[in-house]
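The values are calculated or read from the model by the stated rules, or taken from the named source; none is laboratory data. Note that the coordinates shown come from a computational prediction; the quantities given were computed from them, not determined experimentally. We place every Cβ from the backbone using ideal geometry, glycine too, and count neighbours over all the protein chains shown.
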Amino acid sequence: MKQEQYFVIGHKNPDTDSICSAIAYARLRERQGLAEIRPGRAGDINRQTEFVLETLGVQVPQLLVDVYPRVRDVIGERVVTVAGDAPLSQALELFHRHSIRMLPVIDGERRPLGLLFLKRVSERFLIPAREEEIRQVLTSADSICQCLKATPLHLADGDETGSFDLYVGAMASSTFREKMQGLDPRRMILITGDRRLILEQAVDIGVRILVVTGNLPVDPEIVEKGRRNGVTILSTPYDSATSTWLTRLSTPVRNLVKEDFQSAGLNERLDDLKLKLLHTQDPGVVVLDAEGKVAAVATKSNLLASSPVKLILVDHNELSQAVAGADKVEIREVVDHHRLGNFHTDYPIRFINQPLGSTCTVVATLYRQCGLEPEPQIAGLMLAGLLSDTVILKSPTTTEIDREIAAWLGTLCDRDPQEFGQRIFAAGSALGAYPSIRHLLLADFKEYQAGDRSFGVGQVEVVSFHEFHNMRERITENLEQLRQERKLDVAGLLITDIVQGTSLLLGLGGKELPYLMGYPQVGENLFELKGVLSRKKQLVPHLLKVLQG
């Protein structure tokens with residue numbers, strides 16, 4: 001079973017609080033003894049967060065595009081295979097030794113030649129319908145030699161595979177001569193002991209393969225005559241009964257494979273593997289690595305294995321905001337400060353949700369509860385996330401606990417909260433510094449559901465509305481395009497002036513929107529939200545109310 005890997009991760013389009021709380025909480029749980037835990041992110045970081053991480057010398061968390069369970073997550077580390085040139089007897093031994101029903105047959109580079117199924121080969125070799133089927137063997141001299149652990153006294157065209165008829169020379173020489181009348185000796189495999197007359201008759205008529213059992217000696221004259229007549233002569237230590245049985249199992253497995261088999265890649269989603277297993281009559285599929293080589297065999301039992309990836313969500317508790325595939329893996333913990341969404345789990349989990357100004361504040365209180373003091377670097381991260389989400393303690397979401405924690409963290413990391421906060425917002429306030437308008441809109445964009453209406457709102461902080469007004473037309477065009485792409489009834493961008501402590505809302509959503517909005521309209525699709533700093537506490541609850549009504 002693969003080792004569990006925990007990721008602490010925030011919401012899509014992560015802001016500073018989301019990234020910093022993920023790093024800080026991962027460090028807390030690591031100090032508490034949780035192994036294999038690391039912070040992650042569900043999207044690109046914005047310029048403000050980039051400034052914070054660079055200032056504090058912290059590495060950007062690993063990007064998780066999605067956490068959908070993959071085939072590689074549920075397969076074993078080792079796979080049993082058989083070479084295409086191996087005799088069937090070797091494959092049957094592998095079936096028995098490993099208690100498996102299916103074997104990938106591979107070439108010299110571990111690429112699949114096909115699949116070998118225990119049920120099918122058993123039916124073919126153990127339940128023949130006619131005598132001709134019992135007698136018939138598809139094999140080569142090399143394969144018989146390998147299967148019988150034989151010593152070749154003479155070998156002719158050893159690698160040539162053909163369909164042969166198997167006979168045992170356990171009779172009088174006269175009876176043998178009579179039996180051979182009308183038969184094609186070049187289709188014949190003859191197994192016998194040290195019966196000199198039968199050996200002489202066999203090489204005289206030129207049987208294709210002559211097997212001498214019990215390691216019994218063969219007259220050199222017989223060997224020489226066999227050489228002249230193109231007879232392969234093999235000496236095996238096995239008796240006649242064993243040799244006969246093993247010869248029937250000497251068919252090279254490449255001749256018995258099913259070539260039209262299903263395969264899956266290591267990186268394929270488990271859901272795709274499930275579909276393949278449901279739509280095939282075979283007991284499993286071959287798993288291939290990036291080079292097309294056999295890496296594993298996957299069966300329906302693999303679908304019961306849980307993904308080793310475990311999530312701890314911070315700064316959100318709604319799957320609509322979570323990393324793609326979060327609903328397909330196990331979520332172990334949630335640490336948040338937002339409203340409760342549509343979240344549910346199959347098992348009890350640790351769920352911490354406090355009405356504080358930031359998730360970093362919540363994480364900092366957990367450090368204190370555990371009696372652990374965060375390192376200066378971690379304290380700086382939590383202070384940055386706290387100041388970002390509370391707009392330097394000016395947002396109405398700010399509580400006395402936020403202020404107390406900010407002072408405590410400032411002491412631990414030796415930074416003045418007001419001065420540090422101003423630097424943080426100055427680093428992320430220039431709208432024109434975003435790579436594109438789309439990046440600006442998506443930097444902190446969240447989607448919500450209000451009854452049968454859906455809406456999404458982004459937020460940017462500025463030190464003046466002047467730059468926004470210069471870019472307003474282009475922002476409006478891109479916002480409308482985003483609204484249509486996401487199929488949203490309403491899309492908006494909250495532009496917050498952190499100096500004046502007020503905001504503007506650019507909102508798109510039909511002719512009735514100005515009547516529903518309830519805020520003064522100061523331009524086309526533009527509304528003035530005096531004193532509004534918090535999207536979470538002030539704007540979103542208002543939109544949920546008016547759009548549901």
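Counting only residues that are within 45 Å of the chain's Cα centre (by Cα) and within 18 Å of Thr242 (Cα to Cα), which one in the stretch 123-137 is modelled with the lowest pLDDT?
My answer is Leu126.
Go through (1) assigned by TED's automatic domain parsing to the domain that holds Pro376; (2) crowded, with 19+ Cβ neighbours inside 10 Å; (3) not small (Gly, Ala, Ser) one by one and return the number of the condition Val74 breaks.
(1)
Does Leu505 qualify as being crowded, with 20+ Cβ neighbours inside 10 Å, modelled with pLDDT of 95 or more and farther than 20 Å from Leu533 by Cα?
no
In the stretch 300-332, which residues are surrounded by 15 or more Cβ atoms within 10 Å (Cβ to Cβ), assigned to a loop (DSSP other than H, G, I, E, B) and under 14 Å from the mean Cα position of the chain (by Cα)?
The answer is Ala305, Ser307, Pro308, Gly325, Val329.
Do we have Lys511 as under 23 Å from Gly341 (Cα atoms) and among the charged types (D, E, K, R) here?
When the stated conditions are applied, Lys511 does not pass them.
Quickly run through the stretch 236-267 and pick out the residues that are in the same structural domain as Gly193 (by TED's automatic domain parsing) and hydroxyl-bearing (Ser, Thr, Tyr).
Correct list: Thr236, Tyr238, Ser240, Thr242, Ser243, Thr244, Thr247, Ser250, Thr251.
Thr361 - would you say it is in the same structural domain as Thr55 (by TED's automatic domain parsing), over 22 Å from Glu333 (Cα atoms) and not hydrophobic (A, V, I, L, M, F, W, C)?
So Thr361 does not fit the description; no.
Would you point out which residue out of Asp260, Asp271, Asp219 is within 16 Å of Leu303 (Cα to Cα) and either acidic (Asp, Glu) or without any contact (Cβ under 8 Å) to a residue 60 or more places away in the chain (or both)?
Exactly one of Asp260, Asp271, Asp219 is within 16 Å of Leu303 (Cα to Cα) and either acidic (Asp, Glu) or without any contact (Cβ under 8 Å) to a residue 60 or more places away in the chain (or both), namely Asp271.
Residue by residue through the stretch 333-342, note down the ones that are in a strand (DSSP E or B), in contact with a helix residue (DSSP H, G or I) (Cβ under 7 Å, 6 or more places away or on another chain) and either without any contact (Cβ under 8 Å) to a residue 12 or more places away in the chain or of a type outside the set (D, E, K, R) (or both).
The answer is Val335, and nothing else.
Here's a check for you: in the stretch 229-286, which residue that is of a type in the set (Ser, Thr, Tyr) and in a loop (DSSP other than H, G, I, E, B) is surrounded by the fewest Cβ atoms within 10 Å (Cβ to Cβ)?
Step one: list which residues in the stretch 229-286 are of a type in the set (Ser, Thr, Tyr), which gives 232, 235-236, 238, 240, 242-244, 247, 250-251, 263, 280.
If we keep only those that are in a loop (DSSP other than H, G, I, E, B) too, we end up with 236, 238, 250-251, 280.
Working: Thr236: 24, Tyr238: 20, Ser250: 25, Thr251: 25, Thr280: 12.
If we take residues in the stretch 229-286 being of a type in the set (Ser, Thr, Tyr) and in a loop (DSSP other than H, G, I, E, B), then Thr280 is surrounded by the fewest Cβ atoms within 10 Å (Cβ to Cβ).
Count, please, the residues in the stretch 442-484 that happen to be of a type outside the set (A, V, I, L, M) and outside any helix (DSSP H, G or I).
The total comes to 17.
Return the residues of the stretch 10-48 that are within 19 Å of Ile392 (Cα to Cα) and in contact with a Lys or Arg (Cβ under 9 Å, 6 or more places away or on another chain); say none if nothing qualifies.
If the condition is that a residue be within 19 Å of Ile392 (Cα to Cα) and in contact with a Lys or Arg (Cβ under 9 Å, 6 or more places away or on another chain), then Pro14, Ser18, Ile19 are the ones that fit.
Wholly within the stretch 126-216, which strands (runs of 3 or more DSSP E) include no fewer than the required count, namely at least 1 residues that are among the charged types (D, E, K, R)?
Those strands (runs of 3 or more DSSP E) span 162-168.
Is it true that some residue in the stretch 378-385 is surrounded by fewer than 23 Cβ atoms within 10 Å (Cβ to Cβ) and out of contact with any strand residue (DSSP E or B) (no Cβ under 7 Å at 6 or more places or on another chain)?
The answer is no, given that none of the residues of the stretch 378-385 is surrounded by fewer than 23 Cβ atoms within 10 Å (Cβ to Cβ) and out of contact with any strand residue (DSSP E or B) (no Cβ under 7 Å at 6 or more places or on another chain).
Considering Lys487, Lys446, which residue is surrounded by fewer than 18 Cβ atoms within 10 Å (Cβ to Cβ), under 34 Å from the mean Cα position of the chain (by Cα) and either without any contact (Cβ under 8 Å) to a residue 12 or more places away in the chain or closer than 22 Å to Asn342 by Cα (or both)?
Lys487
What do you reckon, is Leu103 more than 30 Å from Glu333 (Cβ to Cβ), in contact (Cβ under 8 Å) with a residue 12 or more places away in the chain and under 24 Å from the mean Cα position of the chain (by Cα)?
yes
If Gln32 meets every condition in (1) in contact with a Cys (Cβ under 8 Å, 6 or more places away or on another chain); (2) buried (at least 21 other Cβ atoms within 10 Å of the Cβ); (3) of a type outside the set (Gly, Ala, Ser) apart from one, which number is that one?
(2)
Condition first: touching a residue at least 60 places away in the same chain (Cβ under 8 Å), over 39 Å from the mean Cα position of the chain (by Cα) and buried (at least 19 other Cβ atoms within 10 Å of the Cβ). Now tell me which residues in the stretch 530-546 satisfy that.
Leu533
Name the residues in the stretch 343-376 that are closer than 19 Å to Lys12 by Cβ, assigned to a loop (DSSP other than H, G, I, E, B) and either touching a residue at least 40 places away in the same chain (Cβ under 8 Å) or over 27 Å from the mean Cα position of the chain (by Cα) (or both), would you?
Ser358
Name the residue, out of Gly518, Gly501, Gly510, that is in contact (Cβ under 8 Å) with a residue 40 or more places away in the chain, of a type in the set (Gly, Ala, Ser) and out of contact with any Cys (no Cβ under 6 Å at 6 or more places or on another chain).
On the way: Gly518 fails: in contact (Cβ under 8 Å) with a residue 40 or more places away in the chain; Gly510 fails: in contact (Cβ under 8 Å) with a residue 40 or more places away in the chain.
Being in contact (Cβ under 8 Å) with a residue 40 or more places away in the chain, of a type in the set (Gly, Ala, Ser) and out of contact with any Cys (no Cβ under 6 Å at 6 or more places or on another chain) holds for just one of Gly518, Gly501, Gly510, which is Gly501.
Return the residues of the stretch 101-117 that are at pLDDT 90 or above and either β-branched (Val, Ile, Thr) or touching a helix residue (DSSP H, G or I) at 6+ places or on another chain (Cβ under 6 Å) (or both); say none if nothing qualifies.
The answer is Leu103, Val105, Ile106, Leu113, Leu116.
State the number of residues belonging to the stretch 70-89 that are β-branched (Val, Ile, Thr) and under 10 Å from the mean Cα position of the chain (by Cα).
2
Checking the conditions here, which among Arg474, Arg403 is basic (Lys, Arg) and in contact (Cβ under 8 Å) with a residue 24 or more places away in the chain?
Only one candidate passes the filter, namely Arg474.
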